[in-house]
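Here's the structure, in structure tokens; my notes come after.
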Ligand code: C5P
């Protein structure tokens, strides 16, 4: 890690001041947490894999016109990103029942959903990221109605594109979480995809066996966590050397 001013430290990543104004360096740690930080651990090599996987997915999304904060990967654990004002909403897209949706509604894990479902969670460690509605988001001013419309439209595009991309390598995109930020350019504001896209925030199941190749292996103590992340990178054709 180089000597840079630390701007923010999260559970799995650190943000440092970037080399130019308006940029940040996003550093990927091996630390993992689950269940509102009640379960903590280290997945050796995870940071390197997520840096690479997120670079790949953000680059493909950028190519199809989805604006993102990603600029370029700097080294094994760091990437250069645009500095954005993070919107304090986690947007979850679900295609198949799993996780908290299965728990909340008693729907068996693996049940295909009649259509993709979007949920919103308010980003707050103290409140344990409560689920919120569009009404809460606009009434409390976390995002303007137009911001929310943009976030939903972008999320659906991301879902369509990534579902196809993963299916092509034998993986089912069960669900995933996205974060967005505001980026100002010449007095104009755009909503862009921020944070990361990796097996830390996607559920990915092998199409044939339903084997879980994501963070649920850590959450549910299934073992072979790093191997699962490696397998995702391998299928994407981007397994880092060594
Ligand atoms: O736990 P739940 O079923 O609500 O998670 C839905 C999706 O959002 C999963 O892919 C999970 O990895 C992701 N998620 C996340 N960060 C959170 C909560 C959920 O990346 N704080």
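No lab work stands behind these numbers, since they all come straight from the coordinates. Keep in mind that what you see is a predicted model, and the values were worked out from it rather than measured. Cβ: placed from backbone, ideal geometry, glycine included. Neighbour counts: every protein chain shown.
What translational diffusion coefficient, in µm²/s and rounded to a whole number, does the Stokes-Einstein relation yield for the stretch 85-223 at 25 °C and a viscosity of 0.890 mPa s, taking the hydrodynamic radius as the Kirkwood radius over Cα pairs?
So the translational diffusion coefficient is about 153 µm²/s.
Please report the projected area of the chain's Cα convex hull averaged over all directions, in nm².
13.6
Would you mind computing, in nm to one decimal, how far apart the modelled labels at residue 136 and residue 185 are, each placed 7 Å from Cα along Cα→Cβ?
3.3
Output the Kirkwood hydrodynamic radius of the stretch 178-235, Cα pairs only, in Å rounded to one decimal.
Kirkwood hydrodynamic radius for the stretch 178-235: 13.3 Å.
Cα gyration tensor of the stretch 45-115, axes a ≥ b ≥ c as square roots of the eigenvalues: rounded (a/c below 1.5), prolate (a/b > b/c) or oblate?
Here the stretch 45-115 falls in the prolate category.
Over the stretch 85-223, what relative contact order in percent results from Cα pairs under 8 Å that are six or more residues apart?
Rounded, it is 23 percent for the stretch 85-223.
Cα convex hull of the stretch 1-88: how many Å³ per residue?
Considering the Cα atoms of the stretch 1-88, their hull volume per residue is 115 Å³.
Please check: in the Gaussian network model of the chain (C-alpha springs, under 10 Å), which one of 109, 126, 90 has the largest mean-square fluctuation.
Judging by the Gaussian network model, the answer is 126.
If you average the C-alpha positions of the stretch 1-75 and of the stretch 171-242 separately, how far apart do those two centres end up, in angstrom?
When both Cα centres are located, 12 Å separates them.
Find the relative contact order for the chain and round it to a whole percent, using C-alpha pairs within less than 8 Å whose residues are 6+ positions apart.
RCO, the chain: 18 percent.
Just want the ordering: 23, 68, from fewest to most Cβ atoms lying within 10 Å of their own Cβ.
23, 68
Which order results if 142, 205, 184 are arranged by neighbouring Cβ count within 10 Å, fewest first?
Going from sparsest to densest Cβ surroundings: 184, 142, 205.
Once the Cβ-Cβ distance between residue 157 and residue 44 is put in as r, and R0 is 41 Å, what FRET efficiency do you end up with, to the nearest 0.05?
Once the sixth-power term is evaluated, E becomes 0.75.
At a 10 Å Cβ-Cβ cut-off, how would you order 206, 175, fewest neighbours first?
Ordered by Cβ neighbours within 10 Å, fewest first: 206, 175.
Once the cut-off is 15 Å, how many percent of the Cα-Cα pairs in the stretch 119-185 end up in the long-distance tail?
That fraction is 62 percent.
Compute the length gained on full extension between residue 76 and residue 126: take 0.36 nm times their separation in residues and subtract their Cα-Cα distance, giving the result in nm to one decimal.
14.8 nm
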